[in-house]
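Please treat every number below as a calculation from the coordinates, not as lab data. In this text the structure is predicted, and so the values were computed from the model without any measurement. Because the Cβ atoms are built from the backbone with ideal geometry, glycine has one as well, and the counts that use them run over all protein chains shown.
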Amino acid sequence: MKDKLISTLSFAGFGWCVPVIRLTTGEDPNEQIRQIFLTIGVPVLTFGLFLLLWNGAASGVRTNLGTVPGPAQVVEQIRSLAQEHREERQKRTEFYARQAEKNKAQLAANPTEAVKVRKFTGRPTYLDQIFTSLRTVFTGFLIASLIAVPLGILCGMSKTLMTALNPLIQIFKPVSPVAWLPIVTMIVSAVYVVPREWMPKSYVISSITVALCCMWPSLINTAIGVKSIDKDYINVGRVLRLGFFSRVFRIVLPVSMPYIFAGLRISLGVGWVVLIASEMLSQNPGLGKFVWDEFQNGSSQSLARIMVAAFTIGLVGFVLDRIMIMLHQLVSYGQETH
């Protein structure tokens, strides 16, 4: 039972809990205390030192938005944003309650009357913007993956195709989202003339920009993974006279999956970084737009709120990376991933 719990925690990225579990079961207390200090104590002390340095240095730096906020001011804005979220949710609940009551009264007076159901149009809260950013980055990541992985497989299986596409890959790989965004904006504006309510034009622009910037690690890693397959596997497929798709799904994909997921992990990280800049410039609701709006707002709380967004971006990026590490471990056949 203990070994299974330790294995599960290690797989899920909670390896720092393992010494605590071993200590509670009486396994080599001195060694487990040392491990607890190294895995928990040292990071906590380091983070505490960071907070002390931040708090001490913040008051001495003045900007056009006021003094740089310290940890206390940032925590205060976290509470403020949480309160705004609760208030906005309360407004929405009250709005739909009033609407339901009004429609019920209209139907009671005239059962044949067609009642209208209006959507609540309140402003998005900070939590809403986090989920909007996640939706956008996953859309762009999915588009990139659907293009990059099949193309990477073809490049890995065909030296000619890889030679033909390599110059384009090397040219477009380092292009910044700031350069892609105007091009994508003009094309989407010309093609996507009648936007759907559930898919605004700014959302499409941000998603495509993310896809264009994050597809290259997946493409390159997939091609390398396929190219590194032992030739004996390919020869066995030829002996068995497997068709192209059979070779891909029975030989190529299973063997190259660790490389593919390594590329997908890098791509998702790149996509999350690119997304923030894309949302700022395209004005797509999300964390990027939140940062830009607060910067433009210029109130005394704006800088603290921007710092809240910076920590949020980092924490969400960390969680996304941990998820990809777990998925990577599932297909890595016991190999350790970091």
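Structure above, values below:
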| read-out | value |
| --- | --- |
| P(r) tail fraction, the chain - alpha-carbon pairs more than 25 Å apart, % | 68 |
| Taking MET215, MET199 and counting other C-beta atoms within 10 Å, the order from fewest to most | MET199, MET215 |
| Rounded Å value of the spacing that divides the Cα centres of the stretch 139-179 and the stretch 80-102 | 46 |
| Cα-based Lys pair tally, the chain, threshold under 21 Å, eight or more apart or on separate chains | 14 |
| Ascending count of other beta-carbon atoms within 10 Å, so fewest first, for ARG322, ARG22 | ARG322, ARG22 |
| Exposure proxy order (Cβ contacts within 10 Å, fewest to most) of TRP272, TRP198 | TRP198, TRP272 |
| Prolate/oblate/rounded label for the stretch 2-58 (Cα gyration tensor, a/c 1.5) | oblate |
| Mean separation of Cα contacts under 8 Å, 6 or more apart, over the residue count of the stretch 126-330: relative contact order % | 29 |
| The stretch 36-94 shape via C-alpha gyration tensor axes, a/c threshold 1.5 | oblate |
| Residue-averaged [θ]222 nm for the chain, counting only DSSP H segments that reach four residues, each worth -39500 (n - 2.57) | -25000 deg cm²/dmol |
| Calculated from backbone phi, Karplus (6.51, -1.76, 1.60) coupling profile of the stretch 267-276 in Hz, x at Gly/Pro | 4, 5, x, 4, x, 5, 5, 5, 4, 4 |
| For q = 0.09 Å⁻¹, Debye-computed log10 I/I(0) when each Cα of the stretch 68-212 counts as one equal scatterer | -0.56 |
| Summed side-chain charge close to GLU88 - residues other than GLU88 whose Cβ falls under 10 Å, Lys, Arg +1, Asp, Glu -1 | +2 |
